[in-house]
1. Hey, can you tell me all the residues within the stretch 8-29 that are of a type outside the set (Gly, Ala, Ser) and over 11 Å from the mean Cα position of the chain (by Cα)?
2. Does Ile26 qualify as being surrounded by 12 or more Cβ atoms within 10 Å (Cβ to Cβ), of a type in the set (Val, Ile, Thr) and modelled with pLDDT of 95 or more?
3. Only one of these conditions is not met by Arg58: (1) more than 12 Å from the chain's Cα centre (by Cα); (2) surrounded by 12 or more Cβ atoms within 10 Å (Cβ to Cβ); (3) basic (Lys, Arg). Which number is it?
Amino acid sequence: MSPQTRDDVERAIGRVLLDQWDPLSIHDDPERENVYSSCAHELYGLLARGASDVQIARHLHSLEREGFQHPELGDRDLRPLVQALRRLVP
């Protein structure tokens, strides 16, 4: 099995974001599947640099609040999502 490229991992992160996070509720719209690609890129960087679970969750909540205009999501428990993301980045 060949090692995954950063692009492969970022696509996998984007898929996890779509499946487990999805603040825009676009999961069922295949044409909007890449909406979270910039988030995936940022998260890859955070994970690769060793950001803590709290830092990653704060970043996601910031995106919900400021990037996607959904402040009501700010108290969701993102621990399962963060753990799923950690499994993707060696």
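1. Asp8, Val9, Leu24, Ile26, His27, Asp28, Asp29
2. no
3. (1)
The values are calculated or read from the model by the stated rules, or taken from the named source; none is laboratory data. What you see is a predicted model, and the numbers here were worked out from it, not measured in a lab. As a convention, Cβ positions derive from the backbone with ideal geometry for all residues, glycine included, and neighbour counts pool all protein chains shown.
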